[in-house]
Amino acid sequence: MTDIKRDVWCSAIEPVLDSPSDLLAQRLSRSLAVLGWRCLQADIDVDAHAARVELKRDDGRIVTLDIDRRGRASITREHHGQTTVTIGRRGDRCLVERSTVRFLGRSRFTDAREAVNALVAYVSDNSTGRGAFLLCFKGFPTIDVDPSKK
């Protein structure tokens, strides 16, 4: 099993076994961590041809990829944050933290491949720092976002 330094790959997962799927999950997690994202949920049902993937950026942005059984897909973008508000009356006021969710948009796609390519493009375009350069420099696999350029 490979060792991961937690200070460098803070949100990367560690594989339980040295199986190819665990090592692939570790590489994807490391790639996302370099870009400033982490995977909150990856629920993929191969038999039903359905999937739901949630990625979160450090500043609170959440991107959700949904693919249903009919092959329809969508990407939803939200920003989760907290605001401090004052509640109560004159003599009984206090500050309270409230969670806020801002809907940033939704994109719909006709098939899963198009949606996954759009998700990859969105994550790489909205990375924090020099993540895309580091991924190419360190030899991580690249994903062709536009298959028509071949």
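Some values worked out for this structure:
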| item | result |
| --- | --- |
| Cβ-based exposure ranking for R106, R61, in which fewest neighbours within 10 Å come first | R106, R61 |
| Net charge of neighbours whose Cβ lies under 9 Å from the Cβ of Q82, counting Lys and Arg as +1 and Asp and Glu as -1 | 0 |
| Calculated on alpha-carbon atoms, Rg and Dmax of the range 20-140 in Å | 18.2, 62 |
| Among V123, C94, I62 - extreme Cα towards positive end, dipole of the range 20-140, charges at beta-carbon | C94 |
| Over the range 20-140, relative contact order from alpha-carbon pairs under 8 Å, at least 6 apart, % | 22 percent |
| Packing-based exposure ordering (other Cβ within 10 Å, fewest first) of E114, E78 | E114, E78 |
| Proxy reagent accessibility, fewest Cβ within 10 Å first, across C94, C39 | C94, C39 |
| Nitroxide proxy distance, nm - points 7 Å out along Cα→Cβ at V46 and E114 | 2.6 nm |
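Since every read-out is calculated from the coordinates, none of them should be taken as a lab result. Here the structure is a predicted model, which is why all the values come from computation and not from measurement. As a convention, Cβ positions derive from the backbone with ideal geometry for all residues, glycine included, and neighbour counts pool all protein chains shown.
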